[in-house]
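Please read the structure below before turning to the comments.
The values are calculated or read from the model by the stated rules, or taken from the named source; none is laboratory data. No experiment lies behind these values; they were computed from the predicted model shown. Note that we place each Cβ from the backbone using ideal geometry, even for glycine, and neighbour counts take in every protein chain shown.
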Amino acid sequence: MGFRYCLLRAGELLNEKAIHVLKGIVKFLEVGYLMRQMGYRLKRVETWVKGREELFDLVAREVGDRPVLYLEFGVYKGEATRYWSKLLKHPESMLHGFDSFEGLPEDWHAVHKVMQKGYFSTNGAAPAIDDTRVRFFKGWFEETLADYQVPAHQVLVLNFDADLYSSTKCVFDRLAPYILPGTYLYFDEFNCIQEELRAFREFRSTSPYRFALRGSTSSLQKVLFQCVA
Ligand SMILES: C[S@@+](CC[C@H](N)C(=O)[O-])C[C@H]1O[C@@H](n2cnc3c(N)ncnc32)[C@H](O)[C@@H]1O
């Protein structure tokens, strides 16, 4: 009997929790491999953080008092938008959030769970945020981005938080010409190999620029890149 038969026999002894743990191990090995393939060395990452706010703070420190165009893809109840509204001090900064507010357009297969189509729905309601610089564009990215005119800006910050490959790819397809040296790209669920990571890898392979890995949580879930010349 061969190695595969032995694995099957071992599988007979496992429970669901053990299977999840094993899938997780393989996933992180693959993410590490893919990062290396893209030329990143994790031991050279500038900043390891505990949560996404530290990455947002890092960007805000570097941006200083310059006006920023902050675009968020996937707003849900506006937790991140609210945080950025406090961080960005310049009165001419613009915070534009894109969301269907009807939840995910398709099932999202994360490693340990499946988030069903419609998950994150707020029944069409955009969050109320007391900041006149915040504007929401309600609808599917494909439609809202087709009509969206990217305003002139000094600094561009992109927050990718739509979880899905198709949604993230749609943003890259539309915004690629604006992703220039200096642009910050934040991913909220980066280590899902077939989703945000896949869309980023594909975009990166067509971009003439390099993308510095500026900071991350230890699992590469919350990740900040910056486009560099
Ligand atoms: C994880 S939630 C966003 C969380 C939010 N950024 C926060 O900090 O709390 C993902 C959101 O992406 C939205 N979304 C995903 N794909 C979309 C698409 N193609 N068009 C419009 N909205 C989309 C969903 O409606 C959902 O509200």
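Quick notes on this structure:
- Given (1) buried (at least 16 other Cβ atoms within 10 Å of the Cβ); (2) within 11 Å of the ligand (Cβ to nearest atom), index of the condition residue 95 fails: (2)
- Here 27, 17, 86 are screened, and the one residue that is over 20 Å from residue 225 (Cα atoms) and either surrounded by 13 or more Cβ atoms within 10 Å (Cβ to Cβ) or touching a Cys at 6+ places or on another chain (Cβ under 8 Å) (or both) is 27.
- The set of residues from region 152-178 being among the aliphatic types (A, V, I, L, M) and surrounded by 19 or more Cβ atoms within 10 Å (Cβ to Cβ) comprises 155, 156, 157, 158, 162, 164, 171, 175.
- Counting only residues that are under 23 Å from residue 91 (Cα atoms) and either within 11 Å of the ligand (Cβ to nearest atom) or loosely packed, with under 13 Cβ neighbours inside 10 Å (or both), region 119-134 holds 5 of them.
- Any hit, region 23-31, residues being part of a helix (DSSP H, G or I), at pLDDT below 95 and among the small types (Gly, Ala, Ser): yes
- Contact annotation: residue pairs with Cβ atoms under 7 Å, 6 or more positions apart or on different chains, pairing a residue in region 166-179 that is free of Cβ contacts under 8 Å to residues at least 60 places away in the same chain with a partner that is β-branched (Val, Ile, Thr) and surrounded by fewer than 19 Cβ atoms within 10 Å (Cβ to Cβ), are 178/150.
- Region 135-164: number of residues that are touching a Lys or Arg at 6+ places or on another chain (Cβ under 8 Å), within 10 Å of the ligand (Cβ to nearest atom) and of a type outside the set (Val, Ile, Thr): 2
Residues are listed down the side, and each one gets a yes or a no for (1) in contact with an Asp or Glu (Cβ under 6 Å, 6 or more places away or on another chain); (2) in contact (Cβ under 8 Å) with a residue 60 or more places away in the chain; (3) more than 12 Å from residue 70 (Cβ to Cβ):
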{"site": "112", "(1), (2), (3)": "no, yes, yes"}
{"site": "116", "(1), (2), (3)": "yes, no, yes"}
{"site": "136", "(1), (2), (3)": "no, yes, yes"}
{"site": "157", "(1), (2), (3)": "no, yes, no"}
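- Residues located in region 54-74, provided they are in contact with an Asp or Glu (Cβ under 6 Å, 6 or more places away or on another chain) and either assigned to a helix (DSSP H, G or I) or more than 8 Å from the ligand (Cβ to nearest atom) (or both): 67
- Residue 216 vs. criteria away from the ligand (no atom under 16 Å from the Cβ), under 19 Å from residue 37 (Cα atoms) and surrounded by 15 or more Cβ atoms within 10 Å (Cβ to Cβ): yes
- Options 176, 199; residue that is closer than 20 Å to residue 28 by Cα, more than 11 Å from the ligand (Cβ to nearest atom) and small (Gly, Ala, Ser): 199
- Output for region 98-118, where each listed residue is in a loop (DSSP other than H, G, I, E, B) and either surrounded by 19 or more Cβ atoms within 10 Å (Cβ to Cβ) or within 8 Å of the ligand (Cβ to nearest atom) (or both): 100, 101, 102, 103, 104, 105
- Among (1) within 30 Å of residue 19 (Cα to Cα); (2) within 12 Å of the ligand (Cβ to nearest atom); (3) charged (D, E, K, R), the one test that residue 77 misses: (1)
- The combined condition, being exposed (fewer than 13 other Cβ atoms within 10 Å of the Cβ) and touching a Cys at 6+ places or on another chain (Cβ under 7 Å), is fulfilled by residue 181.
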